[in-house]
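The values are calculated or read from the model by the stated rules, or taken from the named source; none is laboratory data. Not measured: the values here are computed from a predicted model. Glycine gets a Cβ as well: all are built from the backbone with ideal geometry, and neighbour counts include every protein chain shown.
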Amino acid sequence: MTRTLAGRPPERPAFYALPAGGWRDYVTLLHVPYTLWHLSYVAIGAALASAIDFGRLGATLAAFFLAMGVAAHALDELHGRPLGTRIGSAVLTAVAAVSLAAAVAIGIVSCFWISGWLALFIAFGAFAVIAYNLELFGGRVHDAFWFSLAWGAFPVLTGYFAQTEQIRATALVAAGFAMLLSLVQRRLSTPVRQMRRRVRSVAGTVELEDGSHEPLTRDSLLEAPETALRILSVATPLLATALVLSRV
C-alpha cells in the first residue's frame with residue numbers, strides 16, 4: 001500500500017497514479033502512459049506494411065489492450081498490490097479472466113479472418129500475460145529479457161504479421177528496436193518503482209570538484225529516470241501515430 005512518509009503526503013506508487021479509491025483505482029490500474037507506449041509497438045509493426053488494413057489494426061490493438069493493458073495489469077496488481085489499489089481480489093481476477101478471454105476470442109476470429117498462423121501469436125501472448133505477471137516458474141519469465149520480448153518485440157511482430165501474414169527482415173529489425181527500447185524502459189522504471197514504493201527516506205550529499213556540496217534527496221534520485229520515462233511514454237506514441245498517418 002502507499003506509505004505516508006514523515007513530513008510528506010502519501011506518495012503515489014507511480015507518476016500516473018490517481019488518488020486511491022473508487023473509479024480512480026481502475027484508471028490507475030491501466031497504467032495509461034505505459035499501455036499507450038506498448039500499444040504503439042503494434043501500430044509501428046502495422047505501419048511497416050506497404051498498406052494498412054485499419055480493420056486488422058483495430059482488432060490487433062483491441063486484443064493487445066485487453067490482454068496487456070487490462071488483464072496483465074490486473075494480474076500484476078493481484079500479485080503483490082504494487083499500486084496499492086482498493087480493488088478486491090475477486091474483482092481483479094474477474095477483470096483479468098474476462099479481458100484475457102475477450103482478447104483470445106478476437107484472436108480466434110482473426111485466425112479465420114486473416115491467418116491460422118495467428119494461433120501461435122495467441123498462445124504466446126496468453127502465456128506471457130499469465131506467466132509474467134503471476135511470476136510463474138519461480139519468476140524465471142519475470143525478468144528484463146521476457147519483459148522486452150513480450151511487451152516490446154512481440155507487439156511489433158504481431159502488428160506486422162496481422163497486416164502482411166508473414167515476417168520479414170524489416171519486422172525483425174523493428175522488433176529489435178522495440179525490444180531495446182523496452183529494456184531501457186525497464187532499466188529506468190526499476191529504480192523509480194523502488195524509490196516510490198519501498199524507500200522511506202534518503203540522506204546524504206554529493207561533493208563537487210570545487211568543494212561545494214549538494215543534498216542527495218529522494219526527489220533528486222527520481223528526477224532524471226522518471227522524466228525520461230515521461231518523455232518516452234509520449235514520444236513513442238507520437239512516432240507510431242506519424243508512421244500510421246504516413247500510410248493513410
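Observations
- Qualifying positions in segment 206-221 - within 27 Å of residue 11 (Cβ to Cβ), of a type in the set (Gly, Ala, Ser) and loosely packed, with under 12 Cβ neighbours inside 10 Å: none
- Considering 138, 88, the condition of being under 22 Å from residue 26 (Cα atoms) and free of Cβ contacts under 8 Å to residues at least 40 places away in the same chain is satisfied by 88 alone.
Condition check ((1) in a helix (DSSP H, G or I); (2) within 18 Å of the chain's Cα centre (by Cα); (3) β-branched (Val, Ile, Thr)) across all residues:
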position: 44; (1), (2), (3): yes, yes, yes
position: 64; (1), (2), (3): yes, yes, no
position: 74; (1), (2), (3): yes, yes, no
position: 105; (1), (2), (3): yes, no, no
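- Residues located in segment 162-209, provided they are at pLDDT 95 or above, at negative phi and part of a loop (DSSP other than H, G, I, E, B): 166, 167, 168
- Verdict on residue 58 being small (Gly, Ala, Ser), out of contact with any helix residue (DSSP H, G or I) (no Cβ under 7 Å at 6 or more places or on another chain) and at pLDDT 95 or above: yes
- Residue match in segment 84-100 (condition: buried (at least 20 other Cβ atoms within 10 Å of the Cβ), at pLDDT 95 or above and under 29 Å from residue 248 (Cα atoms)): no
- Condition met for residue 58 (surrounded by fewer than 20 Cβ atoms within 10 Å (Cβ to Cβ), free of Cβ contacts under 8 Å to residues at least 24 places away in the same chain and more than 30 Å from residue 194 (Cβ to Cβ)): yes
- Among the residues of segment 46-55, those identified as crowded, with 18+ Cβ neighbours inside 10 Å and assigned to a helix (DSSP H, G or I) are 46, 47.
- Taking the listed residues 151, 146, 117, the one that is closer than 24 Å to residue 241 by Cα and either at pLDDT 95 or above or in contact with a Phe, Trp or Tyr (Cβ under 7 Å, 6 or more places away or on another chain) (or both) is 151, with no other qualifying.
- Filtered by the rule that a residue be of a type in the set (Ser, Thr, Tyr) and in contact (Cβ under 8 Å) with a residue 12 or more places away in the chain, segment 199-219 gives 201, 217.
- Taking the listed residues 85, 93, the one that is assigned to a helix (DSSP H, G or I) and among the hydroxyl-bearing types (Ser, Thr, Tyr) is 93, with no other qualifying.
- Exactly one residue among 224, 240, 203 is crowded, with 17+ Cβ neighbours inside 10 Å, small (Gly, Ala, Ser) and more than 24 Å from residue 80 (Cα to Cα), and that residue is 240.
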